[in-house]
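> The structure is given below, and queries will be raised subsequently.
The values are calculated or read from the model by the stated rules, or taken from the named source; none is laboratory data. On a predicted model such as this, the values are computed, not experimentally measured, just so you know. Using ideal geometry, Cβ is built from the backbone for each residue, glycine included, and neighbour counts are taken over all protein chains shown. What goes into the accessible areas is simple: the full protein's heavy atoms, side chains included, and nothing from ligands, DNA or RNA. Shrake-Rupley method; radii C 1.70, N 1.55, O 1.52, S 1.80 Å.
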Amino acid sequence: MPSVLILNGPNLNLLGQRQPQVYGHTTLAEVEQQCREAAGPLNLEIQFEQTNHEGGMVDLIHAARGKHQGMILNAGAYTHTSIALMDAISSAELPTIELHLSNVHAREAFRHQSYIARVAIGVICGFGPRGYTLALEAMADHLAEKDP
Ligand code: CA2
């Protein structure tokens, strides 16, 4: 069964606990549960991770090579700053979907820039926690097209 790494970056551990007007009331543990429920019928296995550390994200992306068939990445604010994450994704040579809860294009100009988008197969943003299951569906379709 294909396996997908779902990797969450800095501050996303606070989901549902602070700034609900921006990021909603759903906690990251609830998002993980929704992903687990969606993955089964899509015939996907998932590894769900969160870290506040850029280097920790790089390590998890390196480890994904050979272990997973795809990655879904909400890199948080590192999306807008991290060439290291972009390079790590390129080196992993795995289809990667960039994901954001909020519509980053409707927010501050500094959130319009993404280093991840350059190396992603697609971007999903603005649909809140539903974005995670949308990304899983898109990844399942992508992997099925590649390896029917
Ligand atoms: O919309 C997204 O998913 C973001 O990746 C969230 C990042 C932000 O820097 C990106 O531009 C867009 C911030 C994550 C912060 O998460 C919090 C959740 C609850 C309370 C405080 C922060």
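> Taking H as built 1.01 Å from N, whose amide H comes closer than 5 Å to the amide H of Ser82, not counting residues under 5 places away?
Tyr115
> How much of the accessible area of the chain, in percent, comes from carbon and sulfur atoms when a 1.4 Å probe is used?
50
> Once amide H atoms are placed 1.01 Å from N in the peptide plane, what residues at a sequence separation of 5 or more from Ile46, or on another chain, have their amide H within under 5 Å of its amide H?
Val4
> Please list, in order along the range 79-92, the HN-Hα scalar couplings obtained from phi with the Karplus expression 6.51 cos²θ - 1.76 cosθ + 1.60 (θ = phi - 60°), rounded to whole Hz, x for Gly and Pro.
3, 8, 10, 9, 5, 4, 5, 4, 5, 5, 5, 4, 5, 6
> How about the range 1-94: which GluC sites (Glu not before Pro) there lie in a loop by DSSP and see at most 14 other Cβ atoms within 10 Å?
Glu93
> Just to be sure I follow the definition: excluding the sites themselves, where is the longest run in the chain that has none of the trypsin sites (Lys or Arg not before Pro) in a DSSP loop with at most 15 other Cβ atoms within 10 Å?
Here the longest segment lacking exposed loop sites spans 19-64.
> Would you pull out the residues with amide H under 5 Å of His100's amide H, same chain only if 5 or more places away, H placed 1.01 Å from N?
Ile124, Cys125, Gly126
> Over the alpha-carbon set of the chain, divide Rg by the Kirkwood Rh and report the Rg/Rh ratio to two decimals.
Rg/Rh for the chain comes to 0.93.
> Determine the equivalent ellipsoid of the range 37-111 by diagonalising the alpha-carbon gyration tensor, then write out the semi-axes as square roots of 5 times the eigenvalues, largest first, rounded to whole Å.
After scaling each eigenvalue by five and taking roots: 22, 17, 11 Å.
> Still on this structure, I have one more. How charged is the neighbourhood of Glu45? Take every other residue with its Cβ under 12 Å from the Cβ of Glu45, and add Lys/Arg as +1 and Asp/Glu as -1.
+2
> While we're looking at this one, here's another question. In whole Hz, what ³J(HN,Hα) sequence does the range 121-131 give by Karplus (6.51, -1.76, 1.60; θ = phi - 60°), x for Gly and Pro?
7, x, 10, 10, 8, x, 9, x, x, 4, x
> Looking at the square roots a ≥ b ≥ c of the eigenvalues of the Cα gyration tensor of the range 83-148, which shape do they give, rounded for a/c under 1.5, prolate if a/b is larger than b/c, or oblate?
It is oblate, given that a/c is not under 1.5 and a/b is not larger than b/c.
> How much accessible area does Asp141 have with a 1.4 Å probe, in Å² rounded to the nearest 10?
It works out to around 100 Å².
> Regarding the range 1-66, what's the average projected area of the Cα-atom convex hull, expressed in nm²?
Mean shadow area of the hull around the Cα atoms is 4.9 nm².
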